[in-house]
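Engineer: Please find one structure pasted underneath; my questions will follow.
Rule-based calculations on the coordinates, nothing more; no lab input. All values derive from a computational prediction rather than experimental measurement. No Cβ is skipped: glycine too gets one built from the backbone with ideal geometry, and neighbour counts run over all protein chains shown.
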Amino acid sequence: MPGELVGGETPRTYVDAFIRHLADEKRHSPRTCDSYQRDLLALLYWLEQNNTDEWPVLTHHHLRRYVAHLSSRKLSGRSIARHLSAIRRFYRYLLREGVAKDNPALDIRAPRSPKRLPRVADVDQIGALLDPEPDDPLEIRDLAMFELMYSSGLRLSE
């Protein structure tokens, strides 16, 4: 593992303690804990592969290189943001435990994810929605609201 920590503990020991903290004290679900563990172990593996023995004294520079590595693996901006979130939270834990002196991930931003365009219904789907002749006053109201939204391009939130 990349370097020894205060008290001779390995980074993996602190990751395991952090995961236990999330599960036992914070009551996170097993899947959430697995995600945090997977993201943090990926960082430790990357540090080991890059001969970085400065853990837990990582700098912004190290983490920027790690983000570049994640980007080169074609991870989405959201996935990279999740990795950074796990690292931030882990360092917050290390600060509280007195192992780290600062959180190098605080000022690092994940790449922006492109916003997805909403899915658009085709002409046949719209025709099927507008075709029925409702009898109930509530159905008439709903159809009128739907026609207004469709014909004017309004979104539900508007």
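Engineer: Helix 137-152 versus the longest principal axis of the chain: what angle, 0 to 90°, nearest 10, using Cα atoms?
Structural biologist: Approximately 70 degrees, to the nearest 10.
Engineer: Please work out how much length the chain gains when fully extended from Arg38 to Glu133, using 0.36 nm per residue of separation minus the C-alpha to C-alpha distance, in nm with one decimal. Mind dumping the intermediate values first?
Structural biologist: Details: separation 95, 0.36 × 95 = 34.20 nm, distance 5.42 nm.
Gain on stretching Arg38 to Glu133: 28.8 nm.
Engineer: Work out the P(r) tail for the chain: percent of alpha carbon pairs separated by more than 20 Å, whole number. Show your work: numbers first, answer last.
Structural biologist: Working: 7631 of 12403 pairs.
Of the Cα pairs, 62 percent sit more than 20 Å apart.
Engineer: Taking the C-alpha atoms of segment 6-97, how large are the radius of gyration and the largest Cα-Cα span, Dmax, in Å?
Structural biologist: Rg then Dmax for segment 6-97, in Å: 13.0, 37.
Engineer: With a 10 Å cut-off between alpha carbons and a GNM built on the chain, which of Gln37, Gln49, Gln125 moves the most?
Structural biologist: Gln125
Engineer: A further question on this structure: How much length, in nm to one decimal, is gained on full extension between His28 and Asp142, taken as 0.36 nm per residue of separation minus their Cα-Cα distance? Mind showing how you got there, number by number?
Structural biologist: On the way: separation 114, 0.36 × 114 = 41.04 nm, distance 4.09 nm.
Difference between extended and current length: 36.9 nm.
Engineer: Which loop trypsin sites (Lys or Arg not before Pro) in segment 34-129, with loop taken from DSSP, have no more than 13 other Cβ atoms within 10 angstrom of their Cβ? If you can, show how the numbers build up before the last one.
Structural biologist: Numbers: sites: Arg38, Arg64, Arg65, Arg73, Lys74, Arg78, Arg82, Arg88, Arg89, Arg92, Arg96, Lys101, Arg109, Arg112, Lys115, Arg116, Arg119; in loops: Arg73, Lys74, Lys101, Arg109, Arg112, Lys115, Arg116, Arg119.
Those that pass, being in a loop and sparsely packed, are Arg73, Lys74, Lys101, Arg109, Arg112, Lys115, Arg116, Arg119.
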